[in-house]
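Engineer: Would you mind keeping the following structure in view while I ask a few things?
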Amino acid sequence: MQLNPSLLSEIKSIIAHSRDQAIRAVDHTRVLMYWHIGERIFKEEQQGKERADYGQQLIRSLAKKLEPEYGSSFSKRQLDLMRQFYRTFPIVNALRSQLSWTHYRLLIRLENEDKREFYIAEATKNNWTTRQLERQINSQLYERLLLSNDKASVLAVACGKQQPSEAKEIIKDPMVLEFLGLKREASYYEKDLEAALITHLQDFLLELGNGFSFIARQKRLHIDGDEFFVDLTFYNRLLQSFVLFEIKTHKLTHQDLGQLQMYVNYFDRVEKQDFENPTIGVLLCADKNDAVVKFSLPEDNKSILASKYQLYLPTEQQLLDELKTEIEKLEGK
């Protein structure tokens, strides 16, 4: 008897889905167990609060008894984390079943509550792996979004309380491309950077953020006998618009902006459907002069953005300094 291939495929899919659900259930049970242990340690600790070192003595004593029987998951360091876990997330019903203990170990390091809530919402909504969550934290995603948005909007979009209405609400500046593995001291042609982005497309989509789908590389435009090529074409379902990327490995010029404006105009007049929003153009450049960008585009411009790229992870202080500069610019207007 010849087996129906679709039947086999469907059954394999059911098995894979069930296994995934089982793993998630086990992970969440472990999260709850660690939370309850953390709660019990903390409450016991409070009974001896007049002695400053009581908590550490308690944890050392527990680890000495538990680790030989239950393994390294109950070492002093792990019990410390469980206690910290309870203190950071004191409401058990607020724990997300989609997040594993490894997710929470990353999240409890974040002291800023707004930042922590942002990463919880994004990790849950986008089903981030722990590696992806760690990468987003290390690349200072929250701080980078604050460079172009206010805190309330960043949190509202992350938590699904509002949909992004402008490109600047989701296009990051700078964009961090450390996953390409390129040396920042070296010189690259634009085609090299473009090829690297395609090779690492999944990582690039993670960096771009919510709602992006890849459409084409070097999309050909026919304009009255002449041919032009858009480096990378995406679509964003949240904004309901095409997003065109032009890559420049030099400092941005007003000619670059004019070129991208032409591509945006073409998509708006030829490719865009009536139900879709105006096309967005992003110049991904090695460096830029914000004043040149400002005076090269109309005052009411919302369709063209310039974003610097970095081939390395920024420090938090670098981004905070940049955020401070942006705030000073706004206050000086």
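The values are calculated or read from the model by the stated rules, or taken from the named source; none is laboratory data. Keep in mind that this is a model prediction, so the values were computed, not measured. Cβ coordinates were reconstructed from backbone atoms using ideal geometry, including for glycine residues, and neighbour counts include every protein chain displayed.
Engineer: Looking at (1) surrounded by 19 or more Cβ atoms within 10 Å (Cβ to Cβ); (2) more than 24 Å from Gln132 (Cβ to Cβ); (3) within 20 Å of the chain's Cα centre (by Cα), can you tell me which one Gln240 breaks?
Structural biologist: Against the list (1) surrounded by 19 or more Cβ atoms within 10 Å (Cβ to Cβ); (2) more than 24 Å from Gln132 (Cβ to Cβ); (3) within 20 Å of the chain's Cα centre (by Cα), Gln240 comes up short only on (1).
Engineer: Answer yes or no as to whether Gln202 is farther than 16 Å from Gln310 by Cα and assigned to a helix (DSSP H, G or I).
Structural biologist: Considered against the rule, which asks whether it is farther than 16 Å from Gln310 by Cα and assigned to a helix (DSSP H, G or I), Gln202 comes out as yes.
Engineer: Are any residues in the range 185-197 touching a strand residue (DSSP E or B) at 6+ places or on another chain (Cβ under 8 Å) and surrounded by fewer than 12 Cβ atoms within 10 Å (Cβ to Cβ), and if so, which ones?
Structural biologist: Within the range 185-197, Ser187, Tyr189 qualify.
Engineer: Restricting to the range 83-104, and then to whatever is under 19 Å from the mean Cα position of the chain (by Cα) and free of Cβ contacts under 8 Å to residues at least 40 places away in the same chain, can you tell me which residue is farthest from Ala121 (Cα to Cα)?
Structural biologist: Thr102
Engineer: Further question: State whether one or more residues within the range 9-25 are assigned to a helix (DSSP H, G or I), basic (Lys, Arg) and surrounded by 14 or more Cβ atoms within 10 Å (Cβ to Cβ).
Structural biologist: Among the residues of the range 9-25, at least one is assigned to a helix (DSSP H, G or I), basic (Lys, Arg) and surrounded by 14 or more Cβ atoms within 10 Å (Cβ to Cβ), which makes the answer yes.
Engineer: Could you tell me whether any residue of the range 306-317 is within 20 Å of the chain's Cα centre (by Cα) and closer than 26 Å to His222 by Cα? Spell out how you get there, then give the answer.
Structural biologist: Applying the first criterion (within 20 Å of the chain's Cα centre (by Cα)) to the range 306-317 yields 306-317.
Going one step further and asking which of them are closer than 26 Å to His222 by Cα, we end up with 306.
For the range 306-317, residues within 20 Å of the chain's Cα centre (by Cα) and closer than 26 Å to His222 by Cα: present.
Engineer: Which residue is surrounded by the most Cβ atoms within 10 Å (Cβ to Cβ), if the candidates are limited to the range 167-182 and must be out of contact with any Leu (no Cβ under 7 Å at 6 or more places or on another chain) and over 25 Å from Thr325 (Cβ atoms)?
Structural biologist: Phe179
Engineer: Mind listing whichever residues of the range 28-85 are of a type in the set (S, T, N, Q), more than 24 Å from Leu107 (Cβ to Cβ) and modelled with pLDDT of 90 or more?
Structural biologist: Ser61
Engineer: Give me the pairs: first residue in the range 57-80 and touching a residue at least 24 places away in the same chain (Cβ under 8 Å), second residue part of a helix (DSSP H, G or I) and among the basic types (Lys, Arg), beta-carbon distance under 6 Å, and six or more apart or on different chains, which are they?
Structural biologist: The qualifying pairs are Ile59/Lys76.
Engineer: Follow-up question, since we're still on this one. Can you tell me which residues in the range 88-110 are farther than 21 Å from Gln132 by Cα and either among the small types (Gly, Ala, Ser) or loosely packed, with under 12 Cβ neighbours inside 10 Å (or both)?
Structural biologist: Of the residues in the range 88-110, the ones farther than 21 Å from Gln132 by Cα are 88-94.
Correct list: Ile91, Asn93, Ala94.
Engineer: Then there is this: Yes or no: Tyr54 in contact with a Gly (Cβ under 8 Å, 6 or more places away or on another chain), free of Cβ contacts under 8 Å to residues at least 40 places away in the same chain, aromatic (Phe, Trp, Tyr) and more than 15 Å from Leu32 (Cα to Cα)?
Structural biologist: Spelling it out, Tyr54 is indeed in contact with a Gly (Cβ under 8 Å, 6 or more places away or on another chain), free of Cβ contacts under 8 Å to residues at least 40 places away in the same chain, aromatic (Phe, Trp, Tyr) and more than 15 Å from Leu32 (Cα to Cα).
Engineer: Out of the range 297-322, which residues are within 18 Å of Glu169 (Cβ to Cβ) and surrounded by fewer than 15 Cβ atoms within 10 Å (Cβ to Cβ)?
Structural biologist: Correct list: Asp300, Asn301, Lys302.
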